[in-house]
Amino acid sequence: MEAVSIRGLTKTYQGGVQALRGIDLVVEDGDFFALLGPNGAGKTTMIGILTSLVTKTSGEASIFGHPVDREPVAAKLNIGLVPQEFNINIFEKVINILVDQAGFYGIPRREALMRAEPILKDLGLWEKRNESSQKLSGGMKRRLMIARALIHAPKLLILDEPTAGVDVELRRSMWEYLRRINKEGTTIILTTHYLEEAEALCRNVAVINHGKIVVRESMQSLIARHGEKKLEDIYLGLIGEKAAA
Amino acid sequence: MTPSKIWTGYYTMIRRELVRILRIWSQTILPPVVTTSLYFIVFGTFIGSQLAPIHGFSYIQFIVPGLIMMSVITSSYMNTVSTFYFAKWTKNLEEILVSPMPDWVVILGFVSGGVLRGLIVGICVLIVSLFFTHLVIYNALVLILAFILTSLLFSLGGLINGVFAKGFDGISIVPTFVLTPLTYLGGIFYSISQFPPFWQKVSLANPILYMINAFRYGFLGVSDVPLWLCFTVLIGFTIVFALVVAYLFKKGIGVKN
């Protein structure tokens, strides 16, 4: 089963900026997938189209077989999004952020409260549940956004630079949590600028640059194919090759 | 989504909005109540006592329906424009946009928040007005319909403004330079029958005149314009605004990207 299927996806913003220039990409169900690329490469636009935050110009994008434009409800029910920027309601209590988000997915308050407890405990936020989200540290806010994205138990979790600005210890604990939910069956797409993070977590990888997929293969074969090179060097080579082309 | 899930989503939106309105009551409810009370004191009691009755009612009785309507219009409009724009500005709107709630539920959620605030403020102003004058209800159905349609219309108007607003200036321009003048010139403080024919005709071009007169009819049984025309204007504008909002959401204009 394909968790994500993208065919010939393009996006041209008003003003003529071509963010995506014909993307083809498949992410299998159960995968832990890294989507790498420099700033402005098109990663966030692609995620925006998958999550219906951005309108595509042409092409097809489906989530578990549901086209995002023709079957948006079915597609959205399967996705949890952790965006790059903090977008939580800073005036709201931690628990209410989760309960409200569950409500938007049609989950009643009582059930949402039951769902929220284990997620908040797993992410170390249970003690903070009655605090206003603006009082949380940056790392806690990141974890809260992960908790919010998981409250409706999505089959696909998309993380757009979830560990940016998070300290090493906390990043490692987030890795463990992500590994666990992936083992439990959640497909994960991760964008990150920490290449060691992608290498440690992901089985497959795609590199996007200037709105095109430069490479798409398993992490293992990508590294093996380049001999002794580190992932960082491979990545820079791919970006450089594309830029030169 | 099943109807029960859609209801849960809608209920979540209005519950959250109601909690917000009540939590910051000193910003959402108190200011219009204080401002309108000052109108009651200055124009109703001090100046109004010196003026001749209009349509057989004391001046304060005549202006109370218009003043209630003014606070309903402003509160409904400001609620949706500020809530929607703030959600857009903080990107908190994405919480709702990534959810499977259909566009019409999202629109209804925002608009209901505006109607709810209009209702709360309208009732508070009505209660305060009873300290200054005696009010009777001539036709409760007309009163309720005029109230609901007006708050619905201006909640939709606020949402359109919120969709197009690109900064905090953008959410205050329309209320300051369009809404306030039209409201003040919409017959709150006078009957257009007191005007020369030319200015009567000019006044008829102001849509808010019809809303205030419909509401006044519900209280006092008098109106400067026929009641059917008041509701035709109200319903017509509401349908047009609803279609505009639906189109903007469908196309994602000012909402997505």
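Every number here is computed from the coordinates shown, using simple stated rules; none is lab data. These figures come from a predicted structure and were not determined experimentally. Because the Cβ atoms are built from the backbone with ideal geometry, glycine has one as well, and the counts that use them run over all protein chains shown.
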Fill in the blank from the handout: Farthest towards the positive end of the dipole of the protein assembly as shown, among B:Phe40, B:Leu18, B:Val233 and with Cβ unit charges of +1 on Lys and Arg and -1 on Asp and Glu, lies the Cα of B:Phe40
Fill in the blank from the handout: Answer in debye to the nearest 20: the dipole magnitude of segment A:146-245 about its Cα centre, from +1 Lys/Arg and -1 Asp/Glu charges placed on Cβ, is 400 debye
Practice task
Set the Förster distance to 60 Å, then compute FRET efficiency between B:Val34 and A:Asp233 from the Cβ-Cβ distance, nearest 0.05.
Solution key: 0.35
Fill in the blank from the handout: DSSP beta bridges in chain A: the antiparallel percent, rounded to 5, is 55 percent
Problem - Mean ellipticity per residue at 222 nm, deg cm²/dmol - from DSSP H runs of n ≥ 4 across chain B, formula -39500 (n - 2.57) - result: -22500 deg cm²/dmol
Practice task
Compute the FRET efficiency between A:Arg110 and B:Ile235 as 1/(1 + (r/R0)^6), taking r as their Cβ-Cβ distance and R0 = 45 Å, and round to the nearest 0.05.
Solution key: 0.70
Problem - Using a Förster distance of 41 Å, the FRET efficiency for B:Lys251-B:Gln200 (Cβ separation, nearest 0.05) - result: 0.50
Handout entry: Ranked by how many other beta carbons lie within 10 Å on average, peptides A:76-89, B:180-193 from highest
Key = A:76-89, B:180-193
Problem - Extreme residue, positive dipole direction of segment A:20-144, given options A:Gly65, A:Pro83, A:Ser137 (C-beta unit charges) - result: A:Ser137
Practice task
Quick one: go through segment A:1-18 and flag any residue whose amide nitrogen is under 16 Å from the point 7 Å out along the Cα-to-Cβ line of A:Glu60.
Solution key: A:1-10
Handout entry: Ranked B:Lys5, A:Lys11, criterion: other C-beta atoms within 10 Å, fewest first
Key = B:Lys5, A:Lys11
Handout entry: Rounded D (µm²/s) - chain B, Kirkwood Rh over Cα pairs, Stokes-Einstein at 25 °C, 0.890 mPa s
Key = 130 µm²/s
Exercise for the section: Check cross-link reach from A:Lys128 to the lysines: straight Cα distance under 19 Å, and skip same-chain residues fewer than eight apart. Expected result: A:Lys93, A:Lys141
Fill in the blank from the handout: The lysines whose Cα lies under 28 Å from the Cα of B:Lys251, excluding any fewer than 8 residues away in the same chain, are A:Lys11, A:Lys43, A:Lys56, A:Lys76, A:Lys155, A:Lys212, B:Lys5, B:Lys88, B:Lys91, B:Lys166
Practice task
Only Lys, Arg, Asp and Glu count, each charged at its Cβ (+1, +1, -1, -1), so figure out the dipole size of segment A:64-132 about its Cα centre, rounded to 20 debye.
Solution key: 180 debye
Exercise for the section: Per residue of segment B:135-147, in order, report the coupling 6.51 cos²θ - 1.76 cosθ + 1.60 (Karplus, θ = phi - 60°) as ³J(HN,Hα) in whole Hz, putting x for Gly and Pro. Expected result: 10, 10, 9, 7, 8, 4, 5, 4, 4, 5, 5, 5, 5
Problem - Within the protein assembly as shown: Cβ-based charge dipole about Cα centre, in debye rounded to nearest 20 (Lys, Arg +1; Asp, Glu -1) - result: 480 debye
Fill in the blank from the handout: When the charge dipole of the protein assembly as shown is computed with +1 at the Cβ of Lys and Arg and -1 at the Cβ of Asp and Glu, the Cα pointing farthest to the positive end, of B:Val142, B:Leu116, B:Trp7, is that of B:Val142
Handout entry: Gyration tensor (alpha-carbon) shape descriptor, segment A:123-167, a/c threshold 1.5
Key = oblate
Fill in the blank from the handout: Long-range amide H partners of A:Glu217, meaning residues 5 or more apart or on another chain whose placed amide H is closer than 5 Å, are A:Val205
